[in-house]
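Peer 1: Sending over a structure as structure tokens; questions will come in a sec.
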Amino acid sequence: MMRNAFNVLGVAGSIRQGSYSTRALKIALEYAKKQGAEVRLLELNRLVLPLYDPGAPASKEVEHATEAIAWADAFILASPDYHGSISGALKNFLDYFYEEFAGKVFGYIVASHEKGLTVMEQMRTAVRQCYGWSMPYGVSINGPQDFTRDEIGNTKLSNRLRMMARDLVVYGTLLRDQFIRDFGSTEPDTFAAYYRP
Ligand SMILES: Cc1cc2nc3c(=O)[nH]c(=O)nc-3n(C[C@H](O)[C@H](O)[C@H](O)COP(=O)(O)O)c2cc1C
């Protein structure tokens, strides 16, 4: 079965008011919308998930996140660079999910005073472990240099966010549709076969 709408979920991993990574994420989601995608945003400072405990019953916040993840075909994860690592809030969010990410495509935004490459790698590692696809590049921002209030002052950065949103929707649609075909077929040697009931 083919689905037409392409659903992109942004996950904002900074708790900080005025977060640069969240601002960049909102801009990327607007670009994705212009590409015809449906978009939603989970802000982890509004949707506060308990520290992951595999034995705990799902809270209503976790149920909300689970529903949003099932809805999404693709994700944009946004994180601050904390000690060269992703934020605890984003790691905690990722810990809740595994098979839900399989076959889905992920784009990455990092707010850092450096390039945030180690942060980007950590997001890629987590997604790879869950059999998600990662975009071949990410977007790194240096908030105080790149932003003037809510506007991006750096044209190269806004072009890169637009490119990422475009590529996420275009390549993500191809990968999503192939995954659906493989999942629905009887061909045994595909990774989608693993997720059949
Ligand atoms: C606890 C802490 C650790 C940080 N560690 C780093 C770091 O290792 N490298 C870096 O470039 N910036 C580091 N920063 C700066 C943040 O990455 C930067 O302020 C970023 O804009 C935060 O993201 P946000 O604006 O989305 O909240 C750190 C900030 C905090 C509060």
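Peer 1: Taking interchain pairs and intrachain pairs at least six residues apart, which have beta carbon atoms under 7 angstrom, with the first residue in region 116-130 and within 14 Å of G13 (Cβ to Cβ) and the second in a helix (DSSP H, G or I) and not β-branched (V, I, T)?
Peer 2: Once the first residue is within 14 Å of G13 (Cβ to Cβ) and sits in region 116-130, its partners that are in a helix (DSSP H, G or I) and not β-branched (V, I, T) give A126/L94; V127/F101.
Peer 1: Please go through region 131-147 and give me each residue that is among the hydrophobic types (A, V, I, L, M, F, W, C) and without any contact (Cβ under 8 Å) to a residue 60 or more places away in the chain, ordered by number.
Peer 2: Residues satisfying the conditions are W133, M135.
Peer 1: Residues L77, L25, L117, L94: which one is of a type outside the set (S, T, N, Q), out of contact with any strand residue (DSSP E or B) (no Cβ under 6 Å at 6 or more places or on another chain) and surrounded by 20 or more Cβ atoms within 10 Å (Cβ to Cβ)?
Peer 2: L94
Peer 1: Only residues that are among the small types (G, A, S) and over 14 Å from T22 (Cβ atoms): list them for region 140-155, please.
Peer 2: S140, G153, listed by residue number.
Peer 1: Which condition does S87 not pass, out of (1) within 25 Å of A65 (Cα to Cα); (2) more than 9 Å from the ligand (Cβ to nearest atom); (3) among the hydroxyl-bearing types (S, T, Y), if it passes all the others?
Peer 2: If we test S87 against (1) within 25 Å of A65 (Cα to Cα); (2) more than 9 Å from the ligand (Cβ to nearest atom); (3) among the hydroxyl-bearing types (S, T, Y), just (2) comes out false.
Peer 1: OK, next. Let me confirm something: among G13, G18, which residue is within 16 Å of the ligand (Cβ to nearest atom) and within 13 Å of the chain's Cα centre (by Cα)?
Peer 2: G13
Peer 1: Something else: Anything in region 138-180 that is charged (D, E, K, R) and exposed (fewer than 14 other Cβ atoms within 10 Å of the Cβ)? List them, or say none.
Peer 2: R149, D150, E151, K156, listed by residue number.
Peer 1: Return yes when V127 is within 15 Å of the chain's Cα centre (by Cα) and farther than 18 Å from A32 by Cα and no when it is not.
Peer 2: So V127 passes the test.
Peer 1: Is there any pair linking a residue in region 37-52 that is surrounded by 13 or more Cβ atoms within 10 Å (Cβ to Cβ) to one that is part of a loop (DSSP other than H, G, I, E, B), with Cβ under 6 Å and at least six apart or on different chains, and which?
Peer 2: That search, which allows pairs on different chains as well, returns A37/F6; E38/A5; L44/G13; N45/I15; Y52/Y96.
Peer 1: With respect to A70, is the statement that it is touching a residue at least 12 places away in the same chain (Cβ under 8 Å), hydrophobic (A, V, I, L, M, F, W, C), out of contact with any Phe, Trp or Tyr (no Cβ under 6 Å at 6 or more places or on another chain) and over 19 Å from R166 (Cα atoms) true?
Peer 2: yes
Rule-based calculations on the coordinates, nothing more; no lab input. Quick caveat: nothing in here was measured; it's all calculated off a predicted structure. Positions of Cβ are generated from backbone atoms using ideal geometry, with glycine treated the same way; all protein chains shown enter the neighbour counts.
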